[in-house]
Amino acid sequence: MNEQSRSSSLDDYSLQTSEAVARELGSNAEDGLSGLKAARLLAEFGPNELRAVSPVPAWRRMLAQFRDPLVYLLLGAIVVAFAAWLIEGREGLPVDAIVIAMVVVANATLGLVQEARAANAVAALARMTAVTSSVLRDGERRRIPSAELVPGDILLLEEGDAVGADGRLLLSASLRVQEASLTGESEAVLKDAAALDDPAPLAERSSMVFKGTAVVQGTGRAVITATGMQTEMGAIATMLDATVEQPTPLQKEVSLIGRTLGIAVVVIAVIVVATVLLVSDIQSPSDVITVLLLGVSLAVAAVPEGLPAILSLVLALGVQRMAKRNAVVKTLSSVETLGSASVICSDKTGTLTRSEMTIERIMTASGGSRVTGVGYAPLGRLEVEGGVAPEGTLRAEQIVVLSGGSLAGNAALRQTEDGAWEIHGDPTEAAFLVAECKLGVEARRQRRFERIGEIPFSSDRKMMSTIELDHEHGGERILITKGAPDVLMQHCNCIRIGMDVAPFDEAQRTRAHADVERLTDEALRTLAVAYRPLEADEDPQSSETLEHDLIFVGTVGIIDPPREEAAVAILAAHRAGIRVMMITGDHPRTAARIAALLGIVENGTKALTGAELDAMDDAGFAAAVRTTSVYARVAPVHKLRIVDALQADGSVVAMTGDGVNDAPALKAADIGVAMGITGTEVTKEAAKMILADDNFATIVEAVREGRAIFENIRKFLRYLLSSNMGEVLTVFLGVVGAGVIGLGGGGELVLPLLATQILWINLVTDSCPALAMGIDPETDDVMGRPPRKVNERAIDARMWRGVIAIALVMALATLLTIDLYLPGGLIEGSQSLDQARTAGFTVLVLAQLFNCFNARSETTSAFRHLFTNRWLWAAIGLSVLLQIAVVNFGPLNVAFGTVPLPLEQWLVCVAIGSSVLWFGEVRKWLLRRWGR
C-alpha cells in the first residue's frame, strides 16, 4: 500500500462512524475477535512490528573505509613503491610501501571504531515499540504482546498504557493521549469517539489513536485499523529507510582533494621523469632506475600520505572536546559539517522550550498578575507591576484560582532523590500545582479539602469538576470546575471579587472575555476556574446536572516556556550568519510567539502551517522556505520537504529534534542533531550528533568547535601542500637548471636531492607538525564570520597561490644553498657535492618547519599567538633533533647520503631556511593591506 492510499484510508476511518469501521473490519465491539480469526489475520498481515534493516557486516563496514579517492591514491603509491623495490633488486624491506600501507590501515581502523555505533533507525523503532497491550479476545480481556495485534482487534486503553497500534476509537472517557513524539504537539490530545466532519491533519484526528503514543489520562476502547508498517509510525520508518544520507561537505572536499592530487601526482611524476631523461646524459640502466625511483619518490612526496590519518585524528580529538561539552558526535566528518551549517532547523517542544507547561498569567476580577519562574520547580512568585502581589482582594482571588485548579485535576508533583521535580499526570493540571506551590498555600488546601466525587472531562462539556468536603466549614460540599473559559462562563451567574461574591453581570462578562482575548493574543493556552457550594439536598452522584449557577473566579494563561539559554544561543547563531528556523507540530500562534520570544523572528510574524504548504506548488514552496522561519502544524513529510528545499537552495542544514517524527528529517539533513535526554532512541540512532544535555546552546558551541576544526584542517592542508610542492619544485628546477647552479658538470646525472632524502623529509615534516597544527587553538573569531558557502573550497584560489609561492621560495632557497657551496654556478663555492647537498637538504627541512608558523593563518602574522600551541613547538623541536641526527650520526649518514655540517654552516642553513617565514610575513602584510 503506497503512502497516499494509506493516508487516505486513515482519513476515511476518522470520518466514518465507529460502528461502520468495526463492521468494515469484521470486529465486534463487545467481544472482540475470536482466537482463531486473530491467528488467521496474524498470518495474513504479519507481526505488528516495524521492519528492521539488516545490519551491515563488519567486513563491509571496514571495506567502506577505503572508498575514498585519497586512499585510492595511497594504494597506488604502495603499488608503485613496491614495484620500484622489485626493480632495485629486492634489497632489504620495501620500507616505503610498508609505511604507507600502515598509514592506510590505521586510518581505516580509526574510522571503523569511531563509526561502530552507526545508525540503525528502523531497528530502534522496533525496540521502542516492543510493548504489551490489553485487548478483547473471545469476549475476554487479555494482555498480549503488541506484536500479536491484528486489524480488527478491540484495544483497551487506560492511563499509562502505550498505544500498540493505530485504531479508531469506539468509546472514550476523558481520554488524553501524549502524541508529541509523533506530531510535535506539546499538549496531550483530548480524544473523542465521534467521527470528524472534515479531513484533518494527524495532530487533529481526535477520533484516532496511533502506535507509539502514550495514554496520560482517562480510558478508551478502539478497533485496530493498521498494524506494523501500515501504521503512522510505520510510515515514518518507511520514509526513514528510504532517506539517503548525503556525504558531508568535508567528505566531498577530501574526495575532491584526492582526485586533484591523483591527477597532479601523475602529471608531476611524468614531467619530472621525462625532463630528467631528456636533459641528462643517461649512460646505464642504473641511471634509468635512479630516474624512475626519483619519479616514485616525487610522487610519494607530492601526496601527503599522512593526510587521511591526520584528518581522522584531528576530527577524533575534536569529537573528544565536543563530548566534554555535551555534544556526542557519531561520525568523524560530522564535526566539520556542523561548523559549515548555514541553517539550523529546530523542533520547538523540548528543544527550544522546556516541555514543562507553566502558568504565566492569572486574570481575575481585581486585575491581572504574572507568575515568575518556569518549569516544574516551584520556584517563583506572583507579581503585580514588578512587585509581589499584596495581601487583600487580588491575593484572595489568586488563591481560589490556583487551589481550585489544583483540586479540579488529578496530577501529582514530586521531588526526586536528586532534587529534580517531576510530575505524574496531565502537564496542564500539574501547572496549577506548581503555581499554587509558588503561592505557598498548597499545604493548607490539602488539609482543608477531601474529594468525594468527580465529573470527568468530556469533549462535549470541555470541563472537569470535582466535589470536595470543606473541613474548615463544617464539612460543606463544594463543586469546583475547571474548563475552557468561553464554555465555563456560560454556566456562571456570579463572580468572586476578593472574599465576596457579586452578580456576573454584562460588564463583568465583557471584562472577563477581554481577559481571555488578551491571553490568547499572547499565544497562551487559557483555562478558567469556577465553583459553588452544593445545597444539602443535591446528590453528588447526579453528575453534570450540578454544573450550573457557578461562581466565576478567573482565567489562567499557560505556556510551554522557552529555554533561556536558547535565546542566547540563537543570538550567537545570528551573529555567525546562521539562520535559525522553528519547525513544529504545535499551534501556529504558539509557535510564532515562542519564536519571537527567542529572537528567531520579529513580533507579529506569522507561522506557516502544513496545510498552507500543501497548497503550494514547488516554486511557491521553495520561495516560502527562503523567507519563512517559523512553521507550525507540520507533518514529517513537510519537515523533509523543507530540508530538501533548503539543501537545493545551497544551504548546509542542521536539523534538531527529539521525537520519532523528527527522525527522517534528521537523517536527510547534512547533520541531524538529537536530544539526548528527551529524545527517542529512534531519533538518536538517525542523528549524527546527540546533545547530552538537550541544551540548544550546546549547538552553538559545537558550531564554534566545528568551525575551528575546519580552520585547522585548512592550516595543515596549507602546510602539507606547500611543503610537498616545495620538494617537487626543488628537484624539478634543480634538474632543469642544473648547469646554472653547478650541478651539471661532468655529463653525469646529478640530482639536487636523493630519493631517500625526499622520503626522510616527508617522515620528519609531514606527520607531527601537521598533527600539532590540526589541534591549534582558535586564533581568530570564527563566530564573527558567515558560514562558508557550499561551493567554497577548502583549498581556494588564494590558498593555491600561497601554496605555490611558498613552495617556490622553499625550492629557490634550497637550490641557492646548494649553489652557495658547490664550485661554479651563480655563486662560487668550494665544498663537495655531498656537503652542498646535505646543506640544501637541511635548508629544505628547516624551511618547512618555519613554514609551520606561516601556515597557521592566511593573513594573521605568525608572531601573533606564537606560543599558544605548545604541541607545535614540541613537534618542531623533535623534527630538528631528528634532522641533527641524520646529518651528524654516522650510520644515518650512510643511509641518507649526508655528511656532518659544522656549526657555522648550520647557522647559514637556519638563516636561509627562515627566508620562508619572512616572505610569508611580507605576503600577509600585503594581503591585509589589500583587503582593507
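The values are calculated or read from the model by the stated rules, or taken from the named source; none is laboratory data. Only a predicted model underlies this, so the values are computations on that prediction, with no experimental measurement involved. FYI the Cβ positions are ideal-geometry reconstructions off the backbone, even for glycines, and counts take in every protein chain you see.
Go over the candidates Gly475, Gly453 one by one and state the one that is in contact with a Pro (Cβ under 8 Å, 6 or more places away or on another chain), of a type in the set (Gly, Ala, Ser) and more than 27 Å from Pro561 (Cα to Cα).
On the way: Gly475 fails: in contact with a Pro (Cβ under 8 Å, 6 or more places away or on another chain).
The conditions single out Gly453.
Which residues, counting only those in region 471-495, are at pLDDT 95 or above and under 21 Å from Gly392 (Cα atoms)?
Across region 471-495, the qualifying residues are Cys494, Ile495.
Within region 680-733, can you find the residues that are aromatic (Phe, Trp, Tyr) and either surrounded by fewer than 24 Cβ atoms within 10 Å (Cβ to Cβ) or touching a Ser or Thr at 6+ places or on another chain (Cβ under 9 Å) (or both)?
Quick first cut of region 680-733, residues aromatic (Phe, Trp, Tyr) only: 696, 710, 716, 719, 732.
Once the filter is applied, which keeps residues that are aromatic (Phe, Trp, Tyr) and either surrounded by fewer than 24 Cβ atoms within 10 Å (Cβ to Cβ) or touching a Ser or Thr at 6+ places or on another chain (Cβ under 9 Å) (or both), region 680-733 yields Phe696, Phe710, Tyr719, Phe732.
May I ask you to say which residue of Lys462, Lys438 is in contact (Cβ under 8 Å) with a residue 24 or more places away in the chain and buried (at least 17 other Cβ atoms within 10 Å of the Cβ)?
Exactly one residue qualifies, and that residue is Lys438.
Going by the structure shown, is Ala805 at pLDDT 90 or above, closer than 25 Å to Met725 by Cβ and surrounded by 19 or more Cβ atoms within 10 Å (Cβ to Cβ)? Give the steps one after another, and end with the answer.
Values: at pLDDT 90 or above: yes; closer than 25 Å to Met725 by Cβ: yes; surrounded by 19 or more Cβ atoms within 10 Å (Cβ to Cβ): no.
No, not satisfied.
Would you call Thr364 hydroxyl-bearing (Ser, Thr, Tyr), under 30 Å from Gly585 (Cα atoms), in contact (Cβ under 8 Å) with a residue 24 or more places away in the chain and buried (at least 21 other Cβ atoms within 10 Å of the Cβ)? Let's see the steps before the verdict.
Values: hydroxyl-bearing (Ser, Thr, Tyr): yes; under 30 Å from Gly585 (Cα atoms): no; in contact (Cβ under 8 Å) with a residue 24 or more places away in the chain: yes; buried (at least 21 other Cβ atoms within 10 Å of the Cβ): yes.
So Thr364 fails the test.
Name the residues in region 172-205 that are small (Gly, Ala, Ser) and over 25 Å from Ile359 (Cα atoms), would you? Spell out how you get there, then give the answer.
If we filter region 172-205 for residues that are small (Gly, Ala, Ser), which is where we start, we get 172-174, 180-181, 184, 186, 188, 193-195, 200, 203.
Once the filter is applied, which keeps residues that are small (Gly, Ala, Ser) and over 25 Å from Ile359 (Cα atoms), region 172-205 yields Ser172, Ala173, Ala193, Ala194, Ala195, Ala200.
How many of the residues making up region 134-150 are outside any helix (DSSP H, G or I), crowded, with 19+ Cβ neighbours inside 10 Å and either over 36 Å from the mean Cα position of the chain (by Cα) or polar (S, T, N, Q) (or both)?
Residues that pass the stated criteria total 3.
Filter region 651-700 down to the residues that are over 10 Å from the mean Cα position of the chain (by Cα), assigned to a loop (DSSP other than H, G, I, E, B) and either at pLDDT 80 or above or among the polar types (S, T, N, Q) (or both) and list them by number.
Listed by number, the residues that qualify are Ser651, Val652, Thr678, Thr680, Asn695.
Surrounded by 20 or more Cβ atoms within 10 Å (Cβ to Cβ), part of a strand (DSSP E or B) and of a type outside the set (Ser, Thr, Tyr): which single residue out of Ile455, Ile423 fits that description? Step through it out loud before you land on a result.
Numbers: Ile423 fails: surrounded by 20 or more Cβ atoms within 10 Å (Cβ to Cβ).
Sole residue among the options that is surrounded by 20 or more Cβ atoms within 10 Å (Cβ to Cβ), part of a strand (DSSP E or B) and of a type outside the set (Ser, Thr, Tyr): Ile455.
In this structure, does Ser174 turn out to be outside any loop (DSSP other than H, G, I, E, B), farther than 25 Å from Phe45 by Cβ and modelled with pLDDT under 85?
On the way: outside any loop (DSSP other than H, G, I, E, B): yes; farther than 25 Å from Phe45 by Cβ: yes; modelled with pLDDT under 85: yes.
Here the answer is yes, as Ser174 does meet what is asked.
If we keep just the residues of region 617-639 that are hydrophobic (A, V, I, L, M, F, W, C) and surrounded by 22 or more Cβ atoms within 10 Å (Cβ to Cβ), which is farthest from His587 (Cα to Cα)?
Applying the filter and picking the extreme gives Val625.
Could you grab me the full set of residues in region 703-720 that are over 15 Å from Ala316 (Cα atoms) and among the acidic types (Asp, Glu)?
Once the filter is applied, which keeps residues that are over 15 Å from Ala316 (Cα atoms) and among the acidic types (Asp, Glu), region 703-720 yields only Glu711.
Restricting to strands (runs of 3 or more DSSP E) lying wholly in region 472-589: which have 1 or more residues that are farther than 30 Å from Ala341 by Cβ?
476-483, 492-497, 500-503, 525-533, 550-559
Determine which single condition Met357 fails, assuming it passes every other condition in (1) among the aliphatic types (A, V, I, L, M); (2) surrounded by 14 or more Cβ atoms within 10 Å (Cβ to Cβ); (3) under 30 Å from Ala536 (Cα atoms).
(3)
Considering region 808-830 alone, what residues qualify as being among the polar types (S, T, N, Q) and either under 24 Å from Tyr719 (Cα atoms) or crowded, with 21+ Cβ neighbours inside 10 Å (or both)?
Thr814, Thr817
Hey, could you check region 224-239 for residues that are outside any strand (DSSP E or B) and modelled with pLDDT of 85 or more and say which is nearest to Leu202 (Cα to Cα)?
Looking at the filtered set, the residue picked out is Glu232.
Could you tell me which residue of region 831-879 is nearest to the chain's Cα centre (by Cα), considering only residues that are charged (D, E, K, R) and either surrounded by 24 or more Cβ atoms within 10 Å (Cβ to Cβ) or farther than 21 Å from Gly920 by Cα (or both)?
It comes out as Arg856.
Filter region 132-149 down to the residues that are under 21 Å from Leu50 (Cβ atoms), in contact with an Asp or Glu (Cβ under 8 Å, 6 or more places away or on another chain) and among the hydrophobic types (A, V, I, L, M, F, W, C) and list them by number.
Val135, Ala147
Could you give every pair whose Cβ atoms fall below 7 Å, whose first residue belongs to region 779-791 and is assigned by TED's automatic domain parsing to the domain that holds His865 and among the aliphatic types (A, V, I, L, M), and whose second residue is surrounded by fewer than 12 Cβ atoms within 10 Å (Cβ to Cβ) and modelled with pLDDT of 80 or more, counting only separations of at least 6 or pairs across chains?
The qualifying pairs are Val790/Gly650.
Go over the candidates Arg704, Arg718, Arg714 one by one and state the one that is of a type in the set (D, E, K, R), assigned to a helix (DSSP H, G or I) and closer than 16 Å to Asn326 by Cβ.
Arg704
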